[in-house]
Amino acid sequence: MLDEAKNNIAKLIFNKKFLRSEYNSQLFNKFLTESDSYLFIMPNNDSDFKNSFDVIRYFIIYKKKVSLFLPEFKINLIPDGRKYSFIGFGLDDFTKLNLPSKSLIQRLKEYSFDVVVDLNRSENLFFIAVANIVKAKNRIGFKRAKTDPHYNFLMVDDKINSEKSYRNLLNSLKMF
């Protein structure tokens with residue numbers, strides 16, 4: 001019961017601080033091919049983390065600037081780490097309500113990307129907030145309970161198979 005109350009308070013604060021009410025209407029044709037810099041918010045789940053790399057490799061092949069947002073202890077797990085830049089976070093970067101800390105918010109506001117891609121398939125207010133703090137023209141994420149206002153491009157998730165979800169995401173992005 002305490003966790004449920006804590007989560008409800010976090011959602012209220014989250015919606016007040018991070019909800020974007022204004023999204024300019026835009027055409028999505030060629031928005032990816034014309035974009036140069038990408039921030040990928042890496043999945044919290046370990047199997048999703050591993051399965052998401054096909055999406056990221058695609059952008060490296062096409063010489064895009066790729067940055068990864070992930071826990072500091074996972075940076076060493078990245079294959080070909082020299083090809084990416086990293087924005088790491090630690091336990092100090094969470095508030096008691098599992099939202100980004102003030103210091104992390106200040107750090108993230110210094111960054112600007114053409115596209116932010118949240119690769120988390122499950123709802124996590126921390127990662128949704130991070131996707132909305134960073135300056136970006138476009139935000140991509142998986143459709144979850146109440147994510148519509150936070151992203152301007154949503155993908156449907158295959159709840160059972162993360163590999164299939166990421167393959168579908170990549171195939172959809174290739175159209176743009």
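The values are calculated or read from the model by the stated rules, or taken from the named source; none is laboratory data. None of the values given here were measured: they were computed from a predicted structure. Cβ sites come from the backbone with ideal geometry, for glycine too, and all protein chains shown count toward neighbours. Ligands, DNA and RNA are stripped out before the accessible areas are found, and what is left, the full protein with its side chains, is counted by its heavy atoms. Shrake-Rupley method; radii C 1.70, N 1.55, O 1.52, S 1.80 Å.
Some points to look at:
- Placing a label point 7 Å from the Cα of I9 along the Cα-to-Cβ line, the residues of segment 96-114 whose backbone N sits under 17 Å from it are 96-102.
- Violating pairs (Cα-Cα greater than 32 angstrom) within the set K96/K164; K65/K102; K96/K135: K96/K164
- Measuring max minus min along each principal axis, the C-alpha atoms of segment 36-107 give extents of 39, 27, 17 Å (largest first).
- Of all DSSP-defined beta bridges confined to segment 87-176, some 10% are antiparallel rather than parallel.
- Ratio Rg/Rh, restricted to segment 111-176 and using Cα atoms, in which Rh is the Kirkwood radius: 0.95
- Solvent-accessible area of K164 with every protein chain in place, 1.4 Å probe, in Å² to the nearest 10: 90 Å²
- Listed by chain and number, the aspartates and glutamates whose C-alpha is less than 13 Å from the C-alpha of K159, apart from same-chain residues fewer than 8 away, are D48, E123.
- Toward the positive end of the charge dipole of segment 69-176, with +1 on the Cβ of Lys and Arg and -1 on the Cβ of Asp and Glu, the farthest Cα among P71, S122, Y151 is that of Y151.
- Surface share of carbon and sulfur [accessible, 1.4 angstrom probe, percent] for segment 93-162: 55 percent
- The 1.4 Å probe gives accessible areas that order K63, K143, K137, largest first, as K63, K137, K143.
- Taking every protein chain into account, the accessible area of segment 31-76 amounts to 50 square angstrom per residue (probe 1.4 Å).
- Here is the list for segment 26-121: GluC sites (Glu not before Pro) lying in DSSP coil, each with at most 10 other C-beta atoms within 10 angstrom of its C-beta, are E34, E110.
- Per-pair calculated FRET efficiency, R0 = 41 Å: N98 and F176 via Cβ, rounded to 0.05: 0.80
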